[in-house]
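Trainee: Quick one: the structure is below, and I'll ask about it shortly.
The values are calculated or read from the model by the stated rules, or taken from the named source; none is laboratory data. Because the structure is a prediction, the values reported are computed rather than measured. Cβ sites come from the backbone with ideal geometry, for glycine too, and all protein chains shown count toward neighbours.
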Amino acid sequence: MIFLNLKAKLNLCPTEPGCYLMKNKNDQVIYVGKAKNLKSRVKSYFTGAHNEKTTRLVLEIVDFSYVLTNSEHESLILENNLIKQYLPKYNIRLMDDKTYPYIELTQEEHPKLTVVRKKKPKGRIFGPFPNVYAARETVRLLNRIYPLRKCDTMPKKVCLYYHIGQCLGPCEFKVDYKDHISDVIKFLKGDTKEVVNNLKSQMDEASLLMQYEKAIEFRDMINHIESTSEKQIINLNDFKDRDAISYAYNKDDIAIQILKLRQGKIVDHEQVVFSYVGEYKETLLSYLQQYYETYSPDELMFSTRFEIEDLEPLFDKKVVIPQRGDKKKVVDLASKNADYDLEHHFMLFRHKQEKTQKALDDLSKILGIDINHIETFDNAQLFGTAPISACIVYKDQAFEKKSYRKYHLNTTTNDDYQAMKEVVYRRYQKNLIENKKMPDLILVDGGKGQINAAKEILDQLNLKIKLAGLKKNSKHQLEALVYQDQVYPLLKNSELYQLLLSISEEVHRFAIAFHIKTRDKRANQSFLDDIKGIGPKRKLKLLSQFKSIEEIKEASDEVLRNLGLPDEVISALKEVVK
């Protein structure tokens with residue numbers, strides 16, 4: 001099932017630039033990557049041979065998500081932010097405290113330009129810039145063009161920079177930087193046309209004079225400027241926490257996309273697509289109101305698809321609908337992702353839902369009633385050790401994990417039929433007492449023997465619940481459904497087989513995990529654990545003082561009192577070891 005879902009999702013992956021997040025069975029992000037072509041890059045993990053590390057990664061992947069960006073440059077910035085947010089175990093790069101550098105124009109009486117990595121620079125900043133070398137070269141060029149302060153400590157008299165025209169000499173003269181600062185800001189915000197044209201003219205002139213090394217220097221300056229000034233909106237340089245929110249909808253579904261900016265950086269995203277009934281706007285606003293009920297960032301940026309009058313009563317002064325600038329571009333990016341999610345929802349998720357409904361319809365036809373709520377049992381033990389049982393719940397086309405239950409068995413150690421009787425009795429007697437709704441169908445891991453054991457208990461409780469078994473072959477592979485003494489073979493390519501297989505695998509996984517945990521816990525237990533009044537500290541004292549049960553048995557009450565044991569605990573201990 002996982003492979004089929006991944007394959008379908010891969011086929012619908014966009015060919016645009018963006019970042020992808022690989023997830024394991026616990027929905028944890030284990031790898032973050034960037035791509036110029038998302039579909040090609042993500043697909044490459046599941047085709048061909050890989051090195052050992054990549055092979056281990058692929059074996060853990062059960063799902064992935066992605067965020068579309070406007071350019072490869074933006075995906076590089078976003079990748080950095082996501083890695084620092086999730087710290088995925090398969091990412092090595094960018095997991096330290098380093099960040100991409102910014103260019104800072106200091107807010108001083110005599111300002112200077114510098115490349116910084118501070119999380120919150122005090123001056124006006126521009127960036128970040130993935131190409132550190134290009135950022136440094138751009139600062140070097142600007143320092144050549146504009147006569148800002150160069151020195152860290154103000155000298156007593158003018159230096160070489162003043163004499164070559166690269167400094168106004170604030171150490172000796174009163175200077176006005178206003179026009180120069182305006183030109184520097186305009187340049188760093190992307191208006192580089194005048195400077196680039198001037199450099200191109202100098203490059204052409206040097207080339208005509210056959211001064212090729214000088215022409216190459218001018219060419220490299222132009223390349224550094226273009227690399228540094230390429231516009232990206234993944235980071236907003238005011239370091240505020242805000243969310244960018246947009247949506248897309250059709251007559252059946254709503255897709256909501258939330259880009260989360262923390263400290264000015266997009267570090268996460270929330271994407272959801274769901275069906276709605278009635279007015280889409282009411283459903284949309286209700287979802288967002290619940291989503292931000294417990295926490296919301298400093299600012300909520302909504303796309304122009306929203307109406308301000310709908311939002312202000314819910315979120316008050318935090319609402320903004322940007323009409324231009326970088327904020328507008330961020331919410332437009334959220335809209336782009338929402339549009340893509342909605343467009344491909346039917347082909348992926350709704351198609352999956354229809355297949356699941358087909359399986360439930362086929363199952364309902366066999367049983368003669370509509371099936372929606374299924375509870376499944378599996379038992380586990382090892383040569384009579386740590387006997388347990390587990391129950392999982394499948395309801396409304398999904399596993400309802402909050403309703404899963406674990407049982408330590410009390411009436412048997414290695415009798416599977418008795419184990420089934422005990423767990424069915426405990427489960428449904430409690431449901432009767434608490435007046436809880438019963439399932440439409442009970443599935444047991446096994447054949448006629450397990451079914452009959454469970455039916456005996458249901459009859460005693462006077463419950464009329466459909467009961468069926470998941471029959472396995474000699475290799476413990478699902479092969480048939482057993483119902484009312486009839487065996488229904490399952491075709492492996494059928495929707496019903498895929499549904500029952502997923503249920504069988506889930507209950508087995510849940511039971512085995514619980515059994516292993518129980519077995520390991522009991523392996524570390526001692527007879528002292530069953531004595532009231534002896535906790536971990538007293539147990540440690542006893543085991544440190546005495547090497548055997550015989551030594552504890554022969555110890556005087558006075559010796560035991562010196563270890564901090566009260567008389568009633570000493571009496572209980574002596575009763576156990578006598």
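Trainee: Counting just the residues of the stretch 12-63 that are of a type in the set (G, A, S) and not in a helix (DSSP H, G or I), which one comes out nearest to A334 (Cα to Cα)?
Mentor: Going through the qualifying residues, I end up with G18.
Trainee: Within the stretch 51-72, which residues are in contact with a helix residue (DSSP H, G or I) (Cβ under 7 Å, 6 or more places away or on another chain) and more than 30 Å from K401 (Cα to Cα)?
Mentor: L68, T69, N70, listed by residue number.
Trainee: Could you run through the stretch 405-427 and say how many residues are more than 22 Å from K448 (Cα to Cα) and out of contact with any helix residue (DSSP H, G or I) (no Cβ under 6 Å at 6 or more places or on another chain)? So that I can check it myself, show each step before the final result.
Mentor: Of the stretch 405-427, the ones more than 22 Å from K448 (Cα to Cα) are 405-408, 410.
Next, from what is left, pick out any that are out of contact with any helix residue (DSSP H, G or I) (no Cβ under 6 Å at 6 or more places or on another chain): 405, 408, 410.
Residues meeting the conditions: 3.
Trainee: So which residues in the stretch 309-325 are touching a Phe, Trp or Tyr at 6+ places or on another chain (Cβ under 8 Å) and either over 13 Å from Q289 (Cβ atoms) or modelled with pLDDT under 85 (or both)?
Mentor: Result: V320, I321.
Trainee: Which one is nearest to L76 (Cα to Cα) among residues in the stretch 244-281 that are among the hydroxyl-bearing types (S, T, Y) and touching a residue at least 40 places away in the same chain (Cβ under 8 Å)?
Mentor: It comes out as S246.
Trainee: Can you pull out the residues in the stretch 272-294 that are closer than 21 Å to M22 by Cα and in contact with an Asp or Glu (Cβ under 6 Å, 6 or more places away or on another chain)?
Mentor: Passing the criteria: only V273.
Trainee: To continue, here is another question. Just one of the numbered conditions (1) buried (at least 18 other Cβ atoms within 10 Å of the Cβ); (2) aromatic (F, W, Y); (3) over 30 Å from Y86 (Cα atoms); (4) at pLDDT 80 or above is not true of F218; which one?
Mentor: If we test F218 against (1) buried (at least 18 other Cβ atoms within 10 Å of the Cβ); (2) aromatic (F, W, Y); (3) over 30 Å from Y86 (Cα atoms); (4) at pLDDT 80 or above, just (4) comes out false.
Trainee: Looking at L470, is it within 39 Å of the chain's Cα centre (by Cα) and assigned to a helix (DSSP H, G or I)?
Mentor: Spelling it out, it is not the case that L470 is within 39 Å of the chain's Cα centre (by Cα) and assigned to a helix (DSSP H, G or I).
Trainee: Continuing with the same structure: Would you please name the residue that is modelled with the highest pLDDT, looking only at residues in the stretch 13-35 that are exposed (fewer than 14 other Cβ atoms within 10 Å of the Cβ) and not hydroxyl-bearing (S, T, Y)?
Mentor: My answer is Q28.
Trainee: Residues of the stretch 428-466 being in contact with a helix residue (DSSP H, G or I) (Cβ under 8 Å, 6 or more places away or on another chain), part of a helix (DSSP H, G or I) and among the β-branched types (V, I, T), which ones?
Mentor: Listed by number, the list holds a single entry, I457.
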